[in-house]
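The numbers here are math on the coordinates, done by the rules we state, and not lab data. Just so we're clear, the structure is a prediction, and the values are computed from it rather than from any experiment. Every residue, glycine as well, gets a Cβ built from its backbone with ideal geometry; the counts of neighbours run over all protein chains shown.
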Amino acid sequence: MVGKPVIKGTRLIVQYITGLLARGETMEEILKEYKRLTREDILACLLFATETMEDSTFIPLAWEVV
């Protein structure tokens, strides 16, 4: 999957699952569509995304005050 993190035993990338959640899909809807996934898989995606953001450094863009 081009080096992107995947859910073990699937070809689903973490970004895809978090994207579904961000667009309003419920955990139940995702589990119904992807029978091999578990609730724990989805929660692991969220935890991975959270921990990835904690390891990031953000540098604010310069804002021009008018």
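Using Cα-Cα distances under 8 Å and only pairs 6 or more residues apart, what relative contact order does the range 1-41 have, in percent? Present the calculation step by step, with values, prior to reporting the outcome.
Details: 20 pairs, mean separation 10.6, N = 41.
Relative CO of the range 1-41 lands at 26 percent.
Quick one: in the chain, what % of C-alpha pairs are over 18 Å apart? Display every interim value, and only then the final one.
Details: 948 of 2145 pairs.
Tail of P(r) above 18 Å: 44 percent of Cα pairs.
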If R0 = 35 Å, then Leu61 and Lys35, at their Cβ-Cβ distance, give a FRET efficiency to the nearest 0.05 of 0.20
Trypsin sites (Lys or Arg not before Pro) in the chain lying in a DSSP loop, each with at most 15 other Cβ atoms within 10 Å of its Cβ, come to Lys8, Arg11, Arg23, Lys35, Arg36
Partner aspartates and glutamates whose C-alpha sits under 12 Å from that of Lys4, ignoring same-chain residues fewer than 8 away, are none
